[in-house]
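Participant: This structure is in structure tokens; I'll ask about it shortly.
Please treat every number below as a calculation from the coordinates, not as lab data. The structure displayed is predicted, hence computed values, not measured ones. With ideal geometry, Cβ positions are generated from the backbone for all residues, glycine too; neighbour counts draw on all protein chains shown.
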Amino acid sequence: MRGNLCGLQTGLEMKVVLYYMATNETGTSGRIVTKLKEELKFAVEYRNIMQAPNISEIATFDIVIFLIATYGDQELQDDIERFLLSINSSIKPGKYATCELGNYYGYEDFTTGAGSIVDNYLSPKGWVCCMPLTSVDTLPLLDWKAVDRWIHILNSAYAPNKK
């Protein structure tokens, strides 16, 4: 898959931010963020929700990526939920993508996590989801192959063309 899924003009430098929540670097989200920092082939700014990032800066990015874990069927962690609720109508809408983390064992539909919550909250405010939802199973083991596929999709869409 080659090309920019967010409809941004290729060849231009994009401002991309990834919002995540990690209490430490050895937890699931922290380990995924470490891998992203090592393997993404385009510039990304990382914001840990636990460090209370400035919500108004979200409007300065071309693409906002959310890496969000859930407790279960569409239950967000409190800090992520508060962060999403702080994205109000006064903030200029943008383009976003979501990777949801959770336990999908026994679910026929893997999209029972954070993705639909983010979509249902941001879409009415004019935000545009610009990539298919990525769901990564984290139990009993983290599905690193799914993380690798997500990294490949991101790099294919946003890494500068090598000539």
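Participant: Net charge near residue 48: determine it from the other residues with C-beta under 13 Å of the C-beta of residue 48, scoring Lys and Arg +1 and Asp and Glu -1. Provide the component values of the computation, followed by the final result.
Facilitator: Working: positive: 37, 47; negative: 25, 45, 79.
Residues close to residue 48 contribute a combined charge of -1.
Participant: With 23 Å as the limit, write out which pairs from 15/145; 95/145; 92/145; 41/92; 41/145 have Cα-Cα distances beyond it, or answer none.
Facilitator: 15/145; 95/145; 92/145; 41/92
Participant: Any idea which of 156, 69, 28 is furthest toward the positive side of the dipole for the stretch 16-158, if Lys and Arg beta-carbons carry +1 and Asp and Glu beta-carbons -1?
Facilitator: 156
Participant: Consider just the alpha-carbon atoms of the stretch 16-158 and return their Rg together with their Dmax, both in angstrom.
Facilitator: Cα-based Rg and Dmax for the stretch 16-158 come out at 14.1, 41 Å.
Participant: For the pair residue 155 and residue 54, how long in nm is the line joining their label points, each one 7 Å along Cα→Cβ?
Facilitator: Taking the simple label geometry, residue 155 and residue 54 are separated by 3.3 nm.
Participant: What residues qualify as long-range amide H neighbours of residue 96, i.e. H under 5 Å apart, gap of 5 or more or another chain, H built at 1.01 Å from N?
Facilitator: Here 64, 128, 129, 130 satisfy the definition.
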